[in-house]
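The values are calculated or read from the model by the stated rules, or taken from the named source; none is laboratory data. Because the structure is predicted, anything quoted here is derived from the model rather than measured. Note that each Cβ is placed from the backbone with ideal geometry, even for glycine, and that neighbours are counted across all protein chains shown.
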Amino acid sequence: MKILTRSPLSSATLYMLLYTLTFSALWACIRHLSSDIHPLVLVFFRTFFGMIFILPVLLKIKLPAFSSGLYPLYFLRGVFNITSVIGAFITLSYIPMADAVAFSYIAPIFATILAVFILKEKIGKHRIFAILIAFIGVIILIRPGFQVINVGIVTALGAAVCFAATLICVKILTRYESPTIVSLMAFIIGIPISFIAALFYWTWPTGDQWIYIIAIGLLSASAHISLAKALSKAELSAIMPLDFTRIIFAAILGISLFGDPFNIMTFIGGGIILASAAYTAYREKKMTLSNIKIYPENS
């Protein structure tokens, strides 16, 4: 009897689709609550309940020692991460969900630019080409002169920059710690930061709002785990194009639940930006493979 086994790529595809679906559902819950509860309060509950759901994993790992000297960077990563989440949550109150997702695709491009200045990475003609293509996508999304540049667009761009800074911190931290610990530390550092910020706008959820609050934590943890699983089973360049389904799911939820308008320019601009990010990931993988030297077995 022949036993069918699922290939790593097919498993990664399923996990990536689960990530894009849960991420879109998470943002739908945020959009639903944002008219009654301040985004800063929602960020705290998202972080708190997200950590509650990953607590079984947290109890099994050993946290970095304070003597490691990494905690200042963990704190900086926590500040950038929470700021990017706050910006994304505020964005959802001003622009359609699909637009918010499209702007989030810019983060890897910003990270590429920051890596040149912070990590002293060399930037070749292929990366420059990808950045220029992404810039065209951004112009299509913003459409200066054809639409009002509101608070939502500004916070979306700010959130993308902060998340790009988060990616740089993660890239440095994963040189010394496992990706699992680095991910979990984001919740640990993020809780006190988000709680202090939320105190200035604190309101307790009421009634069925608690259902959405708990769902936010569950969906947030599920999205983190699904993305980590996808990345562990396939190369980033292989699964990144699937992230475009996030804008499709977001558009479906936004249109059906909140009456968001359908705008084909959002898909075009977002698609161009995502394509440039996928091209960058592909080139980085190709460069890494080309730099690997193969030695004889007896060397």
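When the range 195-226 is filtered for residues that are surrounded by 21 or more Cβ atoms within 10 Å (Cβ to Cβ), at pLDDT 90 or above and not hydrophobic (A, V, I, L, M, F, W, C), nothing remains.
Only one entry in A230, A251 is within 16 Å of Y19 (Cβ to Cβ), buried (at least 20 other Cβ atoms within 10 Å of the Cβ) and aliphatic (A, V, I, L, M), namely A230. Of all residues in the range 186-206, exactly one satisfies the criterion of being among the β-branched types (V, I, T), without any contact (Cβ under 8 Å) to a residue 12 or more places away in the chain and in a loop (DSSP other than H, G, I, E, B), namely T206.
Kindly establish whether K285 is under 21 Å from V170 (Cβ atoms) and at pLDDT 75 or above.
Working: under 21 Å from V170 (Cβ atoms): yes; at pLDDT 75 or above: no.
No; evaluated as a whole, the condition is false for this residue.
Condition check for F49 on (1) part of a loop (DSSP other than H, G, I, E, B); (2) at pLDDT below 85: one failure, at (1).
If the condition is being of a type outside the set (G, A, S) and either in a helix (DSSP H, G or I) or within 11 Å of A160 (Cα to Cα) (or both), then the range 82-96 contributes I82, T83, V85, I86, F89, I90, T91. Among the residues of the range 114-130, those that are part of a helix (DSSP H, G or I), surrounded by fewer than 17 Cβ atoms within 10 Å (Cβ to Cβ) and out of contact with any helix residue (DSSP H, G or I) (no Cβ under 6 Å at 6 or more places or on another chain) comprise V116, F117, K125, I128, F129. Selection of the range 1-46 for residues being modelled with pLDDT under 85 and within 19 Å of H224 (Cβ to Cβ) yields S11, A12, T13, Y15, M16.
Being of a type in the set (K, R) and at pLDDT below 80 is the filter; apply it to the range 143-189 and report the residue that is surrounded by the most Cβ atoms within 10 Å (Cβ to Cβ).
Kept after step one, since they are of a type in the set (K, R), are these residues of the range 143-189: 143, 171, 175.
Still in the list and also at pLDDT below 80: 143, 175.
Numbers: R143: 14, R175: 7.
Of everything passing the filter in the range 143-189, R143 is surrounded by the most Cβ atoms within 10 Å (Cβ to Cβ).
Take the conditions at pLDDT below 90, of a type in the set (S, T, Y) and crowded, with 22+ Cβ neighbours inside 10 Å and apply them to S104. Does it pass? For S104, the condition - at pLDDT below 90, of a type in the set (S, T, Y) and crowded, with 22+ Cβ neighbours inside 10 Å - is met.
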